[in-house]
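Worksheet for the structure shown next.
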Amino acid sequence: MASLKEVAQLASVSLMTVSRAINQPQRLKPETLARVLHAINSLNYVPDFSARRMRGKSSKVSTLGVLALDTATTPFSVELLLSIELTAREFGWSSFLVNITSQEDSDRAVSQLLSQRPDGIIFTTMGLREVDIPERLLDKNLVLANCISRGKPLPGYIPDDFDGQYQAMKALIAQGYRKPLCFYLPQLTPAGVSRRAGAEQAWREAGLPETDLRQHHMAWGDEHYRDVVTLLDEVIIGGKPDFDVLVCGNDRIAFLAYQVLLARGIAIPQQVAVLGYDNMVGIGDLFLPPLTTVQLPHVEIGREAVLHLIEQRPHRGLIKIASPLLTRASL
């Protein structure tokens, strides 16, 4: 990698002139600036902003570090991480990502992140969950994205899972569905609890019999997604479903449910409607018929977390971001 000295030599200027070309280009004569920029491009020189901060020198570029617990290792995280990067870039900040591959890996990841001296830190997870924030981060400029701290109250941005399911259930009721079967996420998850509460609230407000709202929480672990097959077979009597809409805890559950229903000769939505949750990237429109689902606001969460740091917002509580219903052909 080219050095500042090599750029100065190629452009026949001093090290100070190269520094000014990078940080204060308006102070140079146009012909001098052009010569330095030509040398930078020719050598593919990349300014070392992190080293400059470590030496205590000023830089106009601020840096945002992202600590990602599972976020970058799942196919559902694209929108969240991309939103963070694009928003930081929009406001002239640089960003970098450090993965936490396990709880035991936390100390290594935190040390790696802090060694870069970031001006702000985003701690993010994939799948809303409670987390233990490492002690060394608590006095830093920190914001949470898609997670909740178990200990000290910290600023954070999370999906409004209660309202997302509440609005979706209201829409089902308005369309005349009266025999829902709900397969929620596990009770161990904050989203599983909040979404069930939202559905129940909408059902009560409509004055409908509680006994007609059949609800089931899936067991914890990816291996239990296949439980959907058994659960559905128990309520499909003689090839006819004993429910008129299936409310799924996420789009993965809906994916399995589609296979079971269609394999049993049950038409969607003519005999049974299906509602998902998450709007998995690039998947919802590939269902046949396309899946009605609730959008997890990953783009908005990422953007708001970045703006919290850039704008130095003072609040230290959680802000819930709306999760809108995306109506497609499965209702």
Q | Residue list for the range 232-255, filter: surrounded by 15 or more Cβ atoms within 10 Å (Cβ to Cβ) and assigned to a helix (DSSP H, G or I) | A | L232, D251, R252, I253, A254, F255
**Q.** Residue list for the range 247-258, filter: touching a Ser or Thr at 6+ places or on another chain (Cβ under 9 Å) and more than 14 Å from P186 (Cα to Cα)
**A.** D251, A254, Y258
Q: Report the residue count in the range 59-78 for those that are modelled with pLDDT of 75 or more, out of contact with any Asp or Glu (no Cβ under 9 Å at 6 or more places or on another chain) and not acidic (D, E).
A: 4
Q. Somewhere in the range 270-277, is a residue at pLDDT below 95 and more than 19 Å from T74 (Cα to Cα)?
A. no
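Taking I133 as the residue in question, decide whether it is closer than 20 Å to K320 by Cα and either in the same structural domain as W220 (by TED's automatic domain parsing) or touching a Phe, Trp or Tyr at 6+ places or on another chain (Cβ under 9 Å) (or both).
yes
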Q) If G176 satisfies every condition in (1) touching a residue at least 24 places away in the same chain (Cβ under 8 Å); (2) outside any helix (DSSP H, G or I) but one, which is the exception? A) (1)
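Might you check whether a residue that is in the same structural domain as F255 (by TED's automatic domain parsing), among the hydroxyl-bearing types (S, T, Y), assigned to a helix (DSSP H, G or I) and under 25 Å from N146 (Cβ atoms) occurs anywhere in the range 193-207?
So far as the range 193-207 goes, yes, one or more of its residues are in the same structural domain as F255 (by TED's automatic domain parsing), among the hydroxyl-bearing types (S, T, Y), assigned to a helix (DSSP H, G or I) and under 25 Å from N146 (Cβ atoms).
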Q | Pair list, Cβ under 7 Å, 6 or more apart: the range 310-324 residue in a loop (DSSP other than H, G, I, E, B), other residue polar (S, T, N, Q) | A | S323/Q295; P324/Q295
Q.
Taking the criterion of being on the phi > 0 side of the Ramachandran plot and without any contact (Cβ under 8 Å) to a residue 60 or more places away in the chain, would at least one residue in the range 250-263 satisfy it?
A. no
Q: Return the pairs, sorted by first residue and then second, in which the second residue is loosely packed, with under 13 Cβ neighbours inside 10 Å, the first residue lies in the range 12-24 and is over 16 Å from N41 (Cβ atoms), the beta carbons are less than 7 Å apart, and the residues are 6+ apart or on different chains.
A: L15/K5; R20/R27; N23/K60
Q.
For the range 112-147: of the residues being out of contact with any Ser or Thr (no Cβ under 9 Å at 6 or more places or on another chain) and assigned to a strand (DSSP E or B), which is farthest from A199 (Cα to Cα)?
A. I121
Q: Give the residues of the range 304-323 that are surrounded by 16 or more Cβ atoms within 10 Å (Cβ to Cβ) and more than 17 Å from G127 (Cα to Cα), sorted by residue number.
A: E304, V306, L307, H308, L309, I310
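The values are calculated or read from the model by the stated rules, or taken from the named source; none is laboratory data. What you see is a predicted model, and the numbers here were worked out from it, not measured in a lab. Heads up, the Cβs are rebuilt from the backbone with ideal geometry, glycines too, and the neighbour counts pull from every protein chain shown.
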